[in-house]
Amino acid sequence: MKRVAMAAFGLLFATTAFAAELLPELGTGGVLERPKGKPRGSIILMGGGNGYLGITADGEITSLRGNSLIRSRRAFANAGFATLALDAGTSPSTAIAAMRKIAKPVIVVGTSRAATRMHRALDADALVITSGMLDHFQSNVGSPDAMPPLLVVHHRNDGCRVTLPSLVEPFKAWGGAKVRVTWLSGGRDEGDPCQARGHHGFTGIEGQMIGAITGFARGVRARQ
């Protein structure tokens with residue numbers, strides 16, 4: 001079983017030459033990477049921290065490159081999704097509309113502090129919050145009736161004081177049937193507990209994080 005899991009992990013991160021692409025609607029506000037063949041949907045990634053990626057005119061990301069989602073972005077394209085790394089200075093709604101032209105459904109994935117900005121992405125077909133500041137998202141949204149289906153991916157041993165595992169179940173109770181939760185465990189825990197090198201950033205178990213997100217994304221239906 002372990003060998004099978006490692007083989008799947010290797011395939012997910014298989015070397016693929018992705019060309020960074022800037023969309024006219026977004027300029028340097030996002031970097032798009034397309035999968036081989038027809039995409040099965042679109043995934044928009046919102047990094048943690050201040051969310052600014054420092055995207056250059058030729059599509060290079062110069063900031064937050066170690067963030068759990070940003071460093072894993074090509075794995076989402078490998079899984080068959082058109083993948084947009086979104087800068088915090090860009091409207092999520094504008095990005096969602098742009099990605100709908102490329103492939104539906106559109107799933108917005110945010111990690112850590114990005115959850116404080118994800119109330120601006122409620123027009124997506126689904127949301128995913130990883131290691132997120134769930135209380136801030138809840139406060140900004142107000143009623144779960146306003147949001148699409150949402151997946152929470154959280155590490156059982158996340159030590160960050162603002163994303164403690166104990167915050168997940170109250171959030172699930174608030175969101176009811178609209179919220180699903182996937183718990184992960186294992187990996188490495190290094191440095192600041194609120195940064196990307198530890199359990200907060202799923203270090204060493206990135207494949208499990210990506211598998212949870214893409215598995216959920218495959219079941220999402222585009223809004224009519």
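Figures for the structure shown
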| read-out | value |
| --- | --- |
| Computed magnitude of the charge dipole of the range 117-170 (debye, nearest 20; Cβ of K, R +1, Cβ of D, E -1) | 220 |
| T94-K36 pseudo-label distance in nm [points 7 Å out on the Cα-to-Cβ vector] | 3.4 |
| Pairs from K36/K172; K104/K178; K36/K178 whose Cα-Cα separation, in the structure shown, is over 29 Å | K36/K172; K36/K178 |
| Paramagnetic reach from L164 (point 7 Å along Cα→Cβ, amide N under 16 Å) across the range 106-150 | 132-136 |
| Residues of type aspartates and glutamates that K101 reaches as a straight line, Cα spacing below 14 Å, ignoring anything fewer than 8 places off in the same chain | E25, D125 |
| Simple Cβ-charge dipole of the chain, Lys/Arg +1 and Asp/Glu -1, about Cα centre, in debye nearest 20 | 720 |
| Charge dipole (the chain, unit charges on Cβ, about Cα centre) - positive-most of F81, T111, G47 | F81 |
| Extension gain (nm, one decimal) between N140 and R65, 0.36 nm per residue minus Cα-Cα | 24.3 nm |
| For I44, residues with placed amide H under 5 Å, excluding near neighbours | L84, I107, V108, V109 |
| Burial order of peptide ranges 47-56, 139-148, 188-197 (average beta-carbon count within 10 Å, highest first) | 47-56, 188-197, 139-148 |
| Beta bridges per DSSP with both ends in the chain, % antiparallel, nearest 5 | 20 |
| Cβ-derived FRET efficiency at R0 30 Å, A57 paired with W183, nearest 0.05 | 0.15 |
| Residues K104 and A173, FRET efficiency given R0 of 35 Å [Cβ-Cβ distance, rounded to 0.05] | 0.70 |
| Whole-angstrom Cα spans of the range 20-218 along principal axes, big to small | 42, 38, 29 |
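Every read-out reported here was derived from the displayed coordinates using simple, explicitly stated rules and does not represent laboratory data. Everything numeric here is computed off the predicted structure, so don't read it as measured data. Cβ sites come from the backbone with ideal geometry, for glycine too, and all protein chains shown count toward neighbours.
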